[in-house]
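> Below are the structure tokens for one structure; questions will follow.
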Amino acid sequence: MNLDTLNNGKISRERFLSIITVIYSMLMITSNVMALKVIEIAGVTMDAGTVTYPLTFMIGDMIAENFGYKTARNLIWYGFGANLLFSVFAWTGTLLPAQDVLEPLTIGYNHLFTYSLRILLASFTAYLVGSLLNAASLIWIRRVTGTRWVAVRTIGSTALGALVDTAIFTVLAWAGTMPLMPMIKMGLCGYGIKMAYEGIIATPLNYVVNPFIKKRVEI
């Protein structure tokens, strides 16, 4: 069987999911690197990974909606594996000898990829629990609503998954390192941005992407 298209002109399931897995894993790695930087925009404090991380929930919703929980769960574990491998190899690079002439670059690299074990564990734990909960809750809501009310499923599942994800990461990563109120404010800002992404960008896109997948991809 051709992995590009089937006899009926549809994109094969294997090819489509392979492409989505690459995009999803890239977003996971990018988000975790960006999360090492805390930014402030218009008085709102958040980690820079908040800019890209909500897109992983959008993709998770799309896969769960069209291919089921098992496929979404596999995607989440693939993303976890890619992120873990990247973290291990990036950290290994800090142990390798460098040329003296490149010392400023080496210092920057080592500073970036000498991960705090606490931050790493917080990130991985929040990701796994939040993403799996997001996919499972979308399937549960779908059983109740049927194929109607896509917005209820996508926004509802993300509201729960992103809430748990944000709470776990904020507490595990920052508790005891900053005052309570700034920590809560940062968590709420991050959660608010994730939900804004879902409501303004991800959910409307689902109304375009889901019909395309049903029409053009082997389910």
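The values are calculated or read from the model by the stated rules, or taken from the named source; none is laboratory data. No experiment lies behind these values; they were computed from the predicted model shown. All Cβ positions, even for glycine, are placed from backbone atoms using ideal geometry, and neighbour counts span all protein chains on display.
> Here is a check on your reading of the model: is residue 127 aromatic (Phe, Trp, Tyr), closer than 22 Å to residue 33 by Cα and at pLDDT 90 or above? Even if it seems obvious, please write down each step before you answer.
Numbers: aromatic (Phe, Trp, Tyr): yes; closer than 22 Å to residue 33 by Cα: yes; at pLDDT 90 or above: yes.
When the stated conditions are applied, residue 127 passes them.
> A further question follows. Residues being free of Cβ contacts under 8 Å to residues at least 60 places away in the same chain and among the β-branched types (Val, Ile, Thr): count how many of those fall in segment 174-196.
Residues flagged as free of Cβ contacts under 8 Å to residues at least 60 places away in the same chain and among the β-branched types (Val, Ile, Thr) within segment 174-196 amount to 2.
> Just to be sure before I move on: is residue 194 touching a Ser or Thr at 6+ places or on another chain (Cβ under 8 Å), of a type in the set (Lys, Arg), surrounded by 14 or more Cβ atoms within 10 Å (Cβ to Cβ) and within 18 Å of residue 52 (Cβ to Cβ) in the structure I sent?
yes
> Hey, residue 62 hits all of (1) within 16 Å of the chain's Cα centre (by Cα); (2) in contact (Cβ under 8 Å) with a residue 12 or more places away in the chain; (3) surrounded by fewer than 17 Cβ atoms within 10 Å (Cβ to Cβ) but one; which does it fall short on?
Residue 62 satisfies all of (1) within 16 Å of the chain's Cα centre (by Cα); (2) in contact (Cβ under 8 Å) with a residue 12 or more places away in the chain; (3) surrounded by fewer than 17 Cβ atoms within 10 Å (Cβ to Cβ) except (3).
> Can I ask one more? Spot the failing condition for residue 171; the list is (1) over 20 Å from residue 71 (Cβ atoms); (2) in a helix (DSSP H, G or I); (3) at pLDDT below 90, and only one is missed.
With respect to (1) over 20 Å from residue 71 (Cβ atoms); (2) in a helix (DSSP H, G or I); (3) at pLDDT below 90, residue 171 is out only on (3).
> Within segment 198-219, how many residues are over 22 Å from residue 67 (Cβ atoms) and touching a residue at least 12 places away in the same chain (Cβ under 8 Å)? Steps first, please.
Filtering segment 198-219 for residues over 22 Å from residue 67 (Cβ atoms) gives 199-200.
Now restrict to residues that are touching a residue at least 12 places away in the same chain (Cβ under 8 Å): 199.
The total comes to 1.
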